[in-house]
Amino acid sequence: MSKINVKFPKLYPKQAEFVFSTARYTVVEAATKCGKTVACLAWLLQLALREGRPGRNYWWVAPIFGTTKIAYRRLRRWLAPYEEFARFNDSELLCELPNGASICFKSADRPDSLYGEDVHGAVVDEASRAKEESWHALRSTLTATKAQVKIIGNVKGRRNWAYQMARRAEAGEPDMAYFRLTAYDAAAAGIYDEAEIEDARRSLPEAAFNELYMCIPSDEGANPFGMGAILSCIAPLSTSPPVVFGIDLAKSVDWTVVIGLDAEGRVCRFERWQGDWGQTRRRIAGMVGSTLALADSTGVGDPIVEDLQR
Ligand SMILES: Nc1ncnc2c1ncn2[C@@H]1O[C@H](COP(=O)(O)OP(=O)(O)OP(=O)(O)O)[C@@H](O)[C@H]1O
Ligand SMILES: [Mg+2]
């Protein structure tokens, strides 16, 4: 085989830790521009060169075609000086190596297209933005080969499969390894300077800065108050009698919640449940009695509020 000498950036220690992790599942939550993509692309290339054989596939998976193409172009640039070495297929985003192995760049927006191959090593880039079904599909391709996968990306809220995988890896589940790199880790390694981080802190909303630079998930749309405000409200229930109730009605998926406040505005009753309308109506009537109550009567609550008012 002909020899090549690709010039990768020299990995800084925190980058090297996740690149050289030998865990089956390596999960990396990292700040933007801290070198996830470059490092893992280098890993996939060296794996394909070292262990590749005719017909073996190595996959790079990214959320959409555009992000997939960025990584493909990067690999193409790295290998450009060695024209004879690798064959690139620009329409299929495929790189064939002299040992017969292929590195394929796949988009996660069509999960069905990811089933069927045996894959010998994979990276999911921008995993927190990639469809969960694409992970299911990719995972199936790693079954026969028992191959390694690196799952990398920014933190993007808590409601995504990558966040769940990260928590399992962080908790020390077998075969999993977890790494977190903040912007300050990248700055300490000289990848970008701290002034740039402070500028981003000033110019971005706090939640966006925390996710993109500090790997801290935002509280998401379901919680408009922020965790800080909620935590500062947590205290033992008041033992004083309620003077007003707040009622949020829900039937099956969500929970019906009833909160009672005492004369000083402290929470003195708190109950939540799931049940049919008959149970919910009886339970509310029992709790509230003739005390003033405010209920959300929009949508599903409309008929039940009318019923309670009678
Ligand atoms: N060890 C390193 N030494 C010098 N430069 C590096 C190193 N690692 C990455 N870089 C450079 O930092 C920049 C960002 O790298 P990369 O695109 O891999 O980051 P990323 O974490 O994937 O960013 P994004 O959040 O956009 O996905 C690139 O220009 C890359 O060449
Ligand atoms: Mg990247």
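Scan 218, 240 and give me the residue that is surrounded by 11 or more Cβ atoms within 10 Å (Cβ to Cβ), touching a Lys or Arg at 6+ places or on another chain (Cβ under 9 Å) and modelled with pLDDT under 90. Reasoning before the result, please.
On the way: 240 fails: modelled with pLDDT under 90.
Unique residue meeting the criteria: 218.
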Practice item. Return the residue satisfying two criteria in turn: it lies in the stretch 161-199 and is open to solvent by 80 Å² or more (accessible area, probe 1.4 Å) and part of a loop (DSSP other than H, G, I, E, B), and of such residues it is nearest to ligand 2 (Cβ to nearest atom). Key: 191
Exercise for review: Evaluate the stretch 258-266: report whether one residue or more is among the basic types (Lys, Arg) and modelled with pLDDT of 80 or more.
Suggested key: yes
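Pick from 34, 40: which is within 16 Å of ligand 2 (Cβ to nearest atom) and part of a loop (DSSP other than H, G, I, E, B)?
Working: 40 fails: part of a loop (DSSP other than H, G, I, E, B).
Of the residues listed, the single one that is within 16 Å of ligand 2 (Cβ to nearest atom) and part of a loop (DSSP other than H, G, I, E, B) is 34.
Taking only the stretch 62-94 into account, find how many residues are part of a strand (DSSP E or B) and touching a Leu at 6+ places or on another chain (Cβ under 6 Å). Even if it seems obvious, please write down each step before you answer.
Here is the first cut: in the stretch 62-94, the residues part of a strand (DSSP E or B) are 62, 87-89, 94.
Keeping just the survivors that are touching a Leu at 6+ places or on another chain (Cβ under 6 Å) gives none.
Of the residues in the stretch 62-94, 0 are part of a strand (DSSP E or B) and touching a Leu at 6+ places or on another chain (Cβ under 6 Å).
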Point to revise | Condition met for residue 264 (in a loop (DSSP other than H, G, I, E, B) and out of contact with any helix residue (DSSP H, G or I) (no Cβ under 7 Å at 6 or more places or on another chain)) | key: yes
Review point. When you go through (1) modelled with pLDDT under 95; (2) away from ligand 1 (no atom under 15 Å from the Cβ) one by one for residue 134, which number turns out not to apply?
Key: (1)
**Study point:** Answer from 79, 94 - the residue that is farther than 23 Å from residue 179 by Cβ, within 16 Å of ligand 1 (Cβ to nearest atom) and among the aliphatic types (A, V, I, L, M)
**Key:** 79
Practice item. Specify which of the listed residues (310, 269, 282) is open to solvent by 70 Å² or more (accessible area, probe 1.4 Å) and touching a Gly at 6+ places or on another chain (Cβ under 7 Å). Key: 269
Review point. Only one of these conditions is not met by residue 28: (1) within 16 Å of ligand 2 (Cβ to nearest atom); (2) part of a helix (DSSP H, G or I); (3) open to solvent by less than 10 Å² (accessible area, probe 1.4 Å). Which number is it?
Key: (2)
Check your understanding: Can you spot a residue in the stretch 22-33 that is closer than 21 Å to residue 6 by Cα and not charged (D, E, K, R)?
Key -> no
Review point. Going by the conditions given, is residue 14 part of a helix (DSSP H, G or I), closer than 14 Å to residue 124 by Cα and open to solvent by 60 Å² or more (accessible area, probe 1.4 Å)?
Key: no
Review point. If a residue has to be within 16 Å of ligand 2 (Cβ to nearest atom) and over 25 Å from residue 161 (Cβ atoms) to count, how many in the stretch 43-58 make the cut?
Key: 1
Practice item. Take the residues in the stretch 26-53 that are closer than 16 Å to residue 86 by Cα and of a type in the set (Gly, Ala, Ser), then tell me which one is nearest to the chain's Cα centre (by Cα). Key: 42
Check your understanding: Of the residues that make up the stretch 192-211, is at least one touching a Lys or Arg at 6+ places or on another chain (Cβ under 6 Å), aliphatic (A, V, I, L, M) and not assigned by TED's automatic domain parsing to the domain that holds residue 268?
Key -> no
Practice item. Collect the residues in the stretch 37-51 that are open to solvent by less than 10 Å² (accessible area, probe 1.4 Å) and either small (Gly, Ala, Ser) or in contact with an Asp or Glu (Cβ under 8 Å, 6 or more places away or on another chain) (or both), keeping them in residue-number order. Key: 39, 40, 48
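The values are calculated or read from the model by the stated rules, or taken from the named source; none is laboratory data. As the structure is a computational prediction, the values presented were derived from the model and not from experiment. Positions of Cβ are generated from backbone atoms using ideal geometry, with glycine treated the same way; all protein chains shown enter the neighbour counts. The area values use the complete protein model at the heavy-atom level, side chains included, leaving out ligands, DNA and RNA. Shrake-Rupley method; radii C 1.70, N 1.55, O 1.52, S 1.80 Å.
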